[in-house]
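Worksheet for the structure shown next.
The values are calculated or read from the model by the stated rules, or taken from the named source; none is laboratory data. Since the model is a prediction, treat every value here as computed from it, not as a measurement. Cβ atoms come from the backbone with ideal geometry, glycine included; neighbour counts cover every protein chain shown.
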């Protein structure tokens, strides 16, 4: 049983470790990666500087209202985790400063980054040991959480679609009423012009 | 039992990994994402332009040997699947060279499947139908999640367009009404001036 758990733990670690990508940052540049995340969702991630280490890079994480959630100066290798309060676009920004270069005069640095949200971020080996689940049950538990997540996203999409439908109906009626208003204004100004000029010439002729 | 567990665990490594992010490409520049990929991995890139100018981008995929695998000009969205021939660092670039002022936001989704030693597939024979079913279900669920993410981005783009249309209808109509009244007032004043000048002369 212990060997099985060990394999499982190793497998999930391996599985999560190979899910990262790299971005390149030049001197005095800021590169941001954004992702739309639900409220009350667990977000975990890891970052590391790819050899050779040339520039000093900071990691700043902003929430959808542009408040700073996390600010790590001169990162090396590390992890982060936080829980989101509000729904929206979260930004993971890497900034480089020229003053604190490690060595040499190279002008770009590769950073390896990886993040997970929602059910992907949860540590299932931990849940497995706490609730005494065997690997099959853990996989089913993973699926349960995945299905719940899908369901929540569908409900959220439903609300958004309703808001969009309201906007569309408003646009539709606006196009109609504003066009009618334009036609009325056009006719009224035309008639007003004709009568005004008629009056004006009559006045001039008399005088 | 041990074989089953080993194959179950190793099989999870086969299941497609989903990696979806949104990047900003400034005007006149190119942004790249580097990813280490093993050989014989099926890689699928899904990209959509979320916002910015003409909503088009130049995607480009380069293999570890520097050979360009995929390149398109001015695409709004696209999907491309390829099988990696060698292991190494693959470059997924998006160029915004056609725009001199506006930055573009691109959402990309990278999916991988397979790629580890094929000998593990042989162990699949030790899986019972139940275990097989569970694994297949997981695979299906992940693909549902991936489709859902794609639709989410599409909906976001759509909503931006709708709200922009709604605002435009309002403001441009105000401008139109104002212009109509201003033009007819100008016409009247102009005609008056003509006759007043004639009278003076």
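Values as computed for the structure displayed
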read-out: Count - residues of segment A:106-143 that are outside any strand (DSSP E or B) and within 20 Å of residue A:81 (Cα to Cα); value: 11
read-out: Residue in segment A:43-51 that is over 12 Å from the mean Cα position of the chain (by Cα), at pLDDT 90 or above and part of a loop (DSSP other than H, G, I, E, B) present; value: no
read-out: Test: residue in segment B:126-136 that is surrounded by fewer than 17 Cβ atoms within 10 Å (Cβ to Cβ) and either at the interface with chain A (Cβ under 9 Å from one of its Cβ atoms) or modelled with pLDDT of 90 or more (or both); value: yes
read-out: Some residue of segment B:189-197 being crowded, with 16+ Cβ neighbours inside 10 Å and facing chain A (nearest Cβ under 8 Å); value: no
read-out: In segment B:123-179, the residues that are over 30 Å from residue B:21 (Cβ atoms), part of a helix (DSSP H, G or I) and in contact (Cβ under 8 Å) with a residue 12 or more places away in the chain; value: B:123, B:124, B:126, B:131
read-out: Residue within segment B:84-100 that is touching a helix residue (DSSP H, G or I) at 6+ places or on another chain (Cβ under 6 Å) and modelled with pLDDT of 90 or more present; value: no
read-out: Residue count for segment B:155-171, restricted to those that are facing another protein chain (nearest Cβ under 9 Å) and either within 30 Å of residue A:194 (Cβ to Cβ) or crowded, with 17+ Cβ neighbours inside 10 Å (or both); value: 4
read-out: Pair list, Cβ under 8 Å, 6 or more apart: segment A:61-77 residue over 19 Å from residue A:114 (Cβ atoms), other residue assigned to a loop (DSSP other than H, G, I, E, B); value: A:63/A:84; A:63/A:85; A:63/A:86; A:64/A:86; A:64/A:87; A:65/A:86; A:74/A:100
read-out: Tally of residues being exposed (fewer than 13 other Cβ atoms within 10 Å of the Cβ) and touching a residue at least 40 places away in the same chain (Cβ under 8 Å) across segment B:64-100; value: 2
read-out: Residues located in segment A:19-42, provided they are under 18 Å from the mean Cα position of the chain (by Cα) and part of a loop (DSSP other than H, G, I, E, B); value: A:20, A:38, A:39, A:40, A:41
read-out: Residue check for residue A:190: facing chain B (nearest Cβ under 10 Å) and in contact with a strand residue (DSSP E or B) (Cβ under 9 Å, 6 or more places away or on another chain); value: no
read-out: Meets criteria (over 38 Å from the mean Cα position of the chain (by Cα), at the interface with chain B (Cβ under 8 Å from one of its Cβ atoms) and more than 20 Å from residue B:190 (Cα to Cα)) for residue A:181; value: yes
read-out: Wholly enclosed strands (runs of 3 or more DSSP E) of segment B:1-72 bearing at least 1 residues modelled with pLDDT of 90 or more and facing chain A (nearest Cβ under 9 Å); value: B:17-25, B:30-37
